[in-house]
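Asks: Take a look at the following structure, please.
The values are calculated or read from the model by the stated rules, or taken from the named source; none is laboratory data. Note that the structure is predicted; figures quoted are calculated from it, not measured. Please note: Cβ atoms are built from the backbone with ideal geometry, for glycine as well, and neighbour counts cover all protein chains shown.
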Amino acid sequence: MSEVRIDVHRDATEVTQALRRDVREGLTAEAKWLPSKWLYDARGSELFDRITTVPEYYPTRAEREILRSAAPEIAAVTGMRTLVELGSGSGEKTRLLLDAGTEHGGLRRFVPLDVSSSALSASVDAIASEYPALRVDGVVADFTEPLDSLPGTAPRLVAFLGGTIGNFLPAERAKFFSSVRSVLGEGEWFLLGTDLVKDADTLVAAYDDAEGVTAEFNRNVLRVLNDRLGADFDPAAFEHVAHWDDRHEWIEMRLRALRPMTVTIPGADLTVRFAEGEYVRTEISAKFRPDAVRAELADAGFTLRHWWTDPEGRFAVSLSEA
Ligand code: AVJ
């Protein structure tokens, strides 16, 4: 079995403190909101996995198709010795990159980074036993915070897949790209998955599937607040809304209060009132145009070298050089 290590940058108390701060800020704002990262406890991650299998949610399948054909070229072009994956890190897409990297010969080390230590240790164990020649170093950290440094021998490839970049507001996105660039040396690589702008019907359906899995995923953030902060939300009293914002070109997930409510959140020392029909924004998922991706990466000091899309042109994976 390969060498395995997990480096903990954040323990459970720090995570709860961060949640408490976010809840106090977001739920006392004029227009209520919660950061989307809090959707992903164990149950939320499971619900997201189910979302990736509903017929309407195309991004996961489209990106997998791209990587299935592009992974060998990615390994050859980058000559990566270390693969750093921001978020998840045990899925089929990761394996496509690991297979290409190890078959090509250069890949020695895999560094999955995730906020969830349970998700991380599961993926670290699975990958380590399947790839005995790889050194696997998990890092528990929040990639929405600036990265300080990343382990591994150059050239490293930092992969940020799934279209999760769309969950950042434009200003956060710029900071994030610069942060990734600042931990890489010249000649190292950044692989980015971006969902593309398309017709509103397709987009709204992807975030409001007929089976209601996305609706349960969205309401799960209230269960997270109940579990971690002792709140008394009734998730059934909130309706799932997926709204396409034409001006910003992003999907906004919201929870809409079906009746007036007063909710207590002891762990955040907070009582929150909801009017009937009031919204809480729980996620934005921005969709991209090719020129904007290239320009934003260039602003952060990256040069876009390759751009792949699925045959239907729904999703793009780009490879940029630091
Ligand atoms: C996992 C962040 C890429 O924004 O499409 C899926 C999350 N939200 N359905 C996305 C999500 C609603 C997803 N990401």
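Asks: Hey, could you check the range 137-156 for residues that are buried (at least 19 other Cβ atoms within 10 Å of the Cβ) and within 20 Å of GLU321 (Cβ to Cβ) and say which is farthest from the chain's Cα centre (by Cα)?
Replies: Step by step, filter the range 137-156, then rank; the result is PRO155.
Asks: Please state which of the following conditions GLY162 fails to meet, knowing it meets all the rest: (1) surrounded by 15 or more Cβ atoms within 10 Å (Cβ to Cβ); (2) under 14 Å from ILE6 (Cβ atoms); (3) in contact (Cβ under 8 Å) with a residue 60 or more places away in the chain; (4) among the small types (Gly, Ala, Ser).
Replies: With (1) surrounded by 15 or more Cβ atoms within 10 Å (Cβ to Cβ); (2) under 14 Å from ILE6 (Cβ atoms); (3) in contact (Cβ under 8 Å) with a residue 60 or more places away in the chain; (4) among the small types (Gly, Ala, Ser) applied to GLY162, the lone miss is (2).
Asks: Let me ask you something else. Return the residue satisfying two criteria in turn: it lies in the range 253-291 and is among the aliphatic types (A, V, I, L, M), touching an Asp or Glu at 6+ places or on another chain (Cβ under 6 Å) and in contact (Cβ under 8 Å) with a residue 60 or more places away in the chain, and of such residues it is farthest from the ligand (Cβ to nearest atom).
Replies: In this case the residue turns out to be ILE284.
Rundown of residues vs (1) on the phi < 0 side of the Ramachandran plot; (2) surrounded by fewer than 19 Cβ atoms within 10 Å (Cβ to Cβ); (3) assigned to a strand (DSSP E or B); (4) touching a helix residue (DSSP H, G or I) at 6+ places or on another chain (Cβ under 8 Å), yes/no style:
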{"position": "ALA242", "(1), (2), (3), (4)": "yes, no, yes, yes"}
{"position": "ARG259", "(1), (2), (3), (4)": "yes, yes, no, yes"}
{"position": "ARG294", "(1), (2), (3), (4)": "yes, yes, no, no"}
{"position": "SER318", "(1), (2), (3), (4)": "yes, no, yes, yes"}
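Asks: Moving on. Could you please find all residues in the range 65-82 being in a strand (DSSP E or B) and not β-branched (Val, Ile, Thr)?
Replies: Answer for the range 65-82, where residues must be in a strand (DSSP E or B) and not β-branched (Val, Ile, Thr): there is none.
Asks: Filter the range 296-314 for residues that are buried (at least 19 other Cβ atoms within 10 Å of the Cβ) and without any contact (Cβ under 8 Å) to a residue 24 or more places away in the chain and give the result.
Replies: none
Asks: Surrounded by fewer than 18 Cβ atoms within 10 Å (Cβ to Cβ) and outside any helix (DSSP H, G or I): does that describe VAL54?
Replies: Judged against the criteria, VAL54 is a match.
Asks: Further, regarding this structure: Just checking, how many residues over the range 261-289 are surrounded by fewer than 16 Cβ atoms within 10 Å (Cβ to Cβ) and in contact with a strand residue (DSSP E or B) (Cβ under 8 Å, 6 or more places away or on another chain)?
Replies: Counting residues in the range 261-289 that are surrounded by fewer than 16 Cβ atoms within 10 Å (Cβ to Cβ) and in contact with a strand residue (DSSP E or B) (Cβ under 8 Å, 6 or more places away or on another chain) gives 8.
Asks: If you take the residues of the range 94-111 that are modelled with pLDDT under 95 and in a loop (DSSP other than H, G, I, E, B), which of them is farthest from the ligand (Cβ to nearest atom)?
Replies: The qualifying residue farthest from the ligand (Cβ to nearest atom) is GLY105.
Asks: Take the residues in the range 191-211 that are within 12 Å of the ligand (Cβ to nearest atom) and over 24 Å from ASP291 (Cβ atoms), then tell me which one is surrounded by the most Cβ atoms within 10 Å (Cβ to Cβ).
Replies: Ranking the candidates gives TYR207 first.
This table checks each residue for (1) under 29 Å from SER118 (Cβ atoms); (2) within 16 Å of the ligand (Cβ to nearest atom); (3) without any contact (Cβ under 8 Å) to a residue 60 or more places away in the chain.
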{"site": "THR28", "(1), (2), (3)": "no, no, no"}
{"site": "ARG43", "(1), (2), (3)": "yes, yes, no"}
{"site": "ARG64", "(1), (2), (3)": "yes, yes, yes"}
{"site": "ALA70", "(1), (2), (3)": "no, no, no"}
{"site": "LEU86", "(1), (2), (3)": "yes, yes, no"}
{"site": "GLU92", "(1), (2), (3)": "yes, yes, yes"}
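Asks: Checking the conditions here, which among LEU196, LEU191 is of a type outside the set (Gly, Ala, Ser) and in contact with a Gly (Cβ under 8 Å, 6 or more places away or on another chain)?
Replies: Going through LEU196, LEU191 in turn, the sole match is LEU196.
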